[in-house]
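Read the structure below first, then the notes.
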Amino acid sequence: MSSLSAPQTAGSPVPDFSDQTFRGAYSFRNSPAAIRRFPYPFAEDRYAYSMNVEPHLPGPAGSVFEHLFDIDEHYAAEVNDRAIVLRQDPSRCLALPHMMAAQWDMLELITTELAKSYPALFALERAGSRWRWINRPLGFDHTFTFGAAESLPPGPDGPVGPMEYIARQMQGDFTLLDQRDNNLWLDAGVLTSPGNWSLDFNLGMNFIEWHGPVPARPETQLFERALHYLMGLRVGAPVRRLNWSTTVEPRLDTGLEAYPDWGRHRQGVTRENLGEKLHMRIELQSLYRLPRSNAILFSIRCYLLSLADLVTVPGWGPRFAGVLQSLPPEIVAYKGLAPYIDPICDYLAAHAAA
């Protein structure tokens with residue numbers, strides 16, 4: 001993919017989209033502006049296990065929270081990486097038949113918000129069910145009939161439904177949750193940058209089932225309370241949370257299906273290369289009640305930051321060290337941090353003293 005120069009939007013400047021890779025030679029890098037806007041997740045020096053959910057309200061100009069959906073300098077590179085994954089493994093995009101209305105809900109929400117938030121990059125024209133969608137960074141000018149999947153332009157690998165059509169133009173992963181039988185069911189999704197899980201395996205599971213591997217103290221009933229909260233989500237009142245982990249190399253696709261490709265990198269981390277190879281991985285998770293289907297759109301937007309870049313921001317390194325040192329053993333195991341905690345803390349301490 002060639003480098004794409006992005007028009008500038010008033011109040012929301014988007015730099016030239018980078019031509020970088022999240023695999024192979026791993027040419028991904030963050031600009032100084034991307035480092036400054038990285039959604040650092042810790043407000044305290046100690047770990048606290050909680051839902052940490054808040055309203056998904058507009059945040060400061062230039063921040064990742066300014067708009068409902070964040071478009072940044074890695075847009076073109078991430079869209080290209082998604083296309084690679086879907087070409088190699090079509091099972092990363094799956095939907096059960098009853099989720100078609102939710103797919104159209106998702107397309108409407110995303111196109112409407114992008115056109116409103118980034119008018120120099122995207123435009124949407126509607127005349128009844130006849131829609132025209134313009135994506136200037138990717139060079140798309142498409143006309144289709146809303147509600148008629150056969151009218152959508154085909155993707156590079158064949159016909160697409162509304163979920164795949166718009167997800168191929170977005171950063172981050174998406175799942176669609178159907179609400180029925182007093183539960184939420186993962187019944188559709190596009191997952192090309194997951195953190196060690198599988199859409200193919202989890203498709204059709206309910207909320208409690210697909211969170212089964214996540215450690216939580218039973219007495220807290222954390223997931224039962226989260227489920228009850230989310231089933232009360234209202235249209236027009238989205239919520240968000242940040243989830244953090246670490247990953248080796250700036251790789252987006254750390255799904256279970258791709259483990260043979262990325263798992264081996266974990267053995268190549270040394271104290272000498274830790275700063276460049278180990279990355280903080282943040283998922284900005286946002287949830288939206290959809291109006292027609294009553295489903296919930298779960299958006300998982302991933303941000304990566306190397307330790308070498310993290311320590312350039314005053315205070316971030318020592319706070320991260322404090323969090324790591326206070327992690328319960330079950331969280332250390334779940335996040336795969338056992339081999340890295342001492343080297344990370346030593347690295348952070350050395351750079352805090354520098």
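For THR192, are the conditions met, namely being in contact with a Cys (Cβ under 9 Å, 6 or more places away or on another chain), β-branched (Val, Ile, Thr), at pLDDT 95 or above and crowded, with 16+ Cβ neighbours inside 10 Å? Judged against the criteria, THR192 is a match.
Residues in region 291-300 that are touching a Ser or Thr at 6+ places or on another chain (Cβ under 7 Å) and crowded, with 21+ Cβ neighbours inside 10 Å: SER299 alone.
When the test is whether a residue is crowded, with 17+ Cβ neighbours inside 10 Å, of a type in the set (A, V, I, L, M) and touching a residue at least 24 places away in the same chain (Cβ under 8 Å), LEU152 does not pass it.
Looking across region 200-212 at every residue that is part of a loop (DSSP other than H, G, I, E, B) and in contact with a Phe, Trp or Tyr (Cβ under 8 Å, 6 or more places away or on another chain), the one that is surrounded by the fewest Cβ atoms within 10 Å (Cβ to Cβ) is identified as GLY204.
Anything in region 109-145 that is among the hydrophobic types (A, V, I, L, M, F, W, C), touching a His at 6+ places or on another chain (Cβ under 9 Å) and over 25 Å from GLU66 (Cβ atoms)? List them, or say none.
Let us first name the residues in region 109-145 that are among the hydrophobic types (A, V, I, L, M, F, W, C), namely 109-110, 114-115, 120-124, 127, 131, 133-134, 138, 140, 144.
Still in the list and also touching a His at 6+ places or on another chain (Cβ under 9 Å): 114, 131, 133-134.
Listed by number, the list holds a single entry, TRP131.
Have a look at TYR259, TYR288, TYR303 and point out the one that is of a type in the set (Ser, Thr, Tyr), under 22 Å from ALA83 (Cβ atoms) and surrounded by 17 or more Cβ atoms within 10 Å (Cβ to Cβ). Explain how you work it out, then say what you get.
Values: TYR259 fails: surrounded by 17 or more Cβ atoms within 10 Å (Cβ to Cβ); TYR288 fails: under 22 Å from ALA83 (Cβ atoms).
Within the list TYR259, TYR288, TYR303, the selection yields TYR303.
Among the residues of region 90-108, those identified as crowded, with 17+ Cβ neighbours inside 10 Å and not small (Gly, Ala, Ser) are ARG92, CYS93, LEU94, MET99, MET100, GLN103, TRP104, ASP105, MET106, LEU107, GLU108.
Name the one entry in LEU230, LEU252, LEU152 that is under 30 Å from ASN30 (Cα atoms), among the aliphatic types (A, V, I, L, M) and touching a Phe, Trp or Tyr at 6+ places or on another chain (Cβ under 8 Å).
Working: LEU230 fails: under 30 Å from ASN30 (Cα atoms); LEU152 fails: under 30 Å from ASN30 (Cα atoms).
The unique qualifying residue is LEU252.
Screening ASP141, ASP157 for residues that are surrounded by fewer than 19 Cβ atoms within 10 Å (Cβ to Cβ), over 24 Å from ARG281 (Cβ atoms) and modelled with pLDDT of 95 or more leaves exactly one candidate, ASP141.
Okay, residues lined up against (1) assigned to a loop (DSSP other than H, G, I, E, B); (2) crowded, with 18+ Cβ neighbours inside 10 Å:
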position	(1), (2)
VAL214	yes, no
GLU224	no, no
ARG240	no, yes
THR247	no, yes
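Filtered by the rule that a residue be crowded, with 20+ Cβ neighbours inside 10 Å and in a loop (DSSP other than H, G, I, E, B), region 171-182 gives GLN171, GLY172. Here GLU276 meets each of (1) of a type outside the set (Ser, Thr, Tyr); (2) surrounded by 20 or more Cβ atoms within 10 Å (Cβ to Cβ); (3) in contact with a helix residue (DSSP H, G or I) (Cβ under 9 Å, 6 or more places away or on another chain) with one exception, condition (2).
The lone criterion from (1) touching a residue at least 40 places away in the same chain (Cβ under 8 Å); (2) part of a helix (DSSP H, G or I) left unmet by ILE282 is number (2). No other residue among TRP133, TRP197 is crowded, with 20+ Cβ neighbours inside 10 Å and of a type in the set (Phe, Trp, Tyr) apart from TRP133.
The values are calculated or read from the model by the stated rules, or taken from the named source; none is laboratory data. Just so it is clear, the structure is predicted and the values come from calculations on it, not from any experiment. We place every Cβ from the backbone using ideal geometry, glycine too, and count neighbours over all the protein chains shown.
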